[in-house]
Amino acid sequence: MKQSGSELERAIRRDANSAISVELDRVAFLGSGSSGEPLGIVAGQSTYGIDLNVVNAAADYAAFRASAVEFMGRNAAASLKDVRVLFRHELLNTLDGAVIEVGSGITEYDFISRRFGSVLSTSNALEAPSGSPLESKAVLTTTTGGVPPFVIGLWGAVDVIRDPYSSASSGALKLTFLVTTDVTVIRPAQIGILSELQ
């Protein structure tokens, strides 16, 4: 072991925080709702009554704008700046590589990032693109009156299980971190899912 004492403890805490954050992101959107996992937003789209917009075309600013306008029609948002966008890194690459007008240097991603409130890309909160052509999903959310569209509840502290026996022959110590959490959608009108973005 290259670290010991307080430095080792800090390294373990840092790694555990990172692993827990990654898994919380995944479960909040893709959780199956079984085997101890909460039902995620995307996986539970029909259960929660979240609007699904099947694009079935190339991903572009117009597709995101059309879905955001539906938000405004449901009185969930007052402008595009009130809407947050989440999509995969692969979709970011596609959008940033699609120049709107030759010579302008302005891409579809530029349009989206300038007009919407915030734009985030993820590697684990949404499923990897699949199919032929490759298709992906995106999530739009908005917060109205300070109330978020969904919440993640955490109960109690992180439970740590220490196992010095399983890998004792190699001198390793196995640590398992348990987090009790749940996801619930409180305002489905403030969430929109776009699917089949190529």
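Computed values, structure above
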| quantity | calculated |
| --- | --- |
| Residue match in the range 21-35 (condition: within 30 Å of Asn93 (Cβ to Cβ), touching a strand residue (DSSP E or B) at 6+ places or on another chain (Cβ under 6 Å) and either hydrophobic (A, V, I, L, M, F, W, C) or buried (at least 18 other Cβ atoms within 10 Å of the Cβ) (or both)) | yes |
| Any hit, the range 51-69, residues being hydroxyl-bearing (Ser, Thr, Tyr), at pLDDT below 90 and surrounded by fewer than 18 Cβ atoms within 10 Å (Cβ to Cβ) | no |
| Scope the range 4-20; condition under 30 Å from Ala43 (Cβ atoms) and exposed (fewer than 11 other Cβ atoms within 10 Å of the Cβ); matching residues | Arg14, Ser18 |
| Any hit, the range 105-112, residues being within 27 Å of Glu135 (Cβ to Cβ), part of a strand (DSSP E or B) and out of contact with any helix residue (DSSP H, G or I) (no Cβ under 8 Å at 6 or more places or on another chain) | no |
| Criterion: buried (at least 16 other Cβ atoms within 10 Å of the Cβ), among the hydroxyl-bearing types (Ser, Thr, Tyr) and either within 22 Å of Glu37 (Cα to Cα) or modelled with pLDDT under 90 (or both) - qualifying residue of Thr144, Thr184 | Thr144 |
| From the options Ile186, Ile161, Ile193, residue that is in contact with a Lys or Arg (Cβ under 8 Å, 6 or more places away or on another chain) and β-branched (Val, Ile, Thr) | Ile193 |
| Sole residue being surrounded by 18 or more Cβ atoms within 10 Å (Cβ to Cβ) and in contact with a Phe, Trp or Tyr (Cβ under 7 Å, 6 or more places away or on another chain), chosen from Phe87, Phe150, Phe111 | Phe111 |
| Residue list for the range 70-103, restricted to those being outside any loop (DSSP other than H, G, I, E, B), free of Cβ contacts under 8 Å to residues at least 24 places away in the same chain and not hydrophobic (A, V, I, L, M, F, W, C) | Gly73, Asn93, Asp96, Gly97 |
| Residues (closer than 22 Å to Val185 by Cβ and either within 18 Å of the chain's Cα centre (by Cα) or free of Cβ contacts under 8 Å to residues at least 24 places away in the same chain (or both)) located in the range 50-65 | Ile50, Asp51, Leu52, Asn53, Phe64 |
| Where a residue in the range 144-160 is in contact (Cβ under 8 Å) with a residue 60 or more places away in the chain and closer than 14 Å to Gly31 by Cβ and its partner, wherever it lies, is part of a strand (DSSP E or B) and among the hydroxyl-bearing types (Ser, Thr, Tyr), with Cβ under 7 Å and at least six apart | Phe150/Thr184; Ile152/Thr181 |
| Per-region count, the range 133-178, residues outside any loop (DSSP other than H, G, I, E, B) and among the small types (Gly, Ala, Ser) | 8 |
| Pairs with Cβ under 8 Å, 6+ apart, first in the range 166-191 and closer than 19 Å to Ala68 by Cα and in contact (Cβ under 8 Å) with a residue 12 or more places away in the chain, second exposed (fewer than 11 other Cβ atoms within 10 Å of the Cβ) and not hydrophobic (A, V, I, L, M, F, W, C) | Ala189/Asn75 |
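The values are calculated or read from the model by the stated rules, or taken from the named source; none is laboratory data. These numbers come from a predicted model, not from an experiment. Cβ coordinates were reconstructed from backbone atoms using ideal geometry, including for glycine residues, and neighbour counts include every protein chain displayed.
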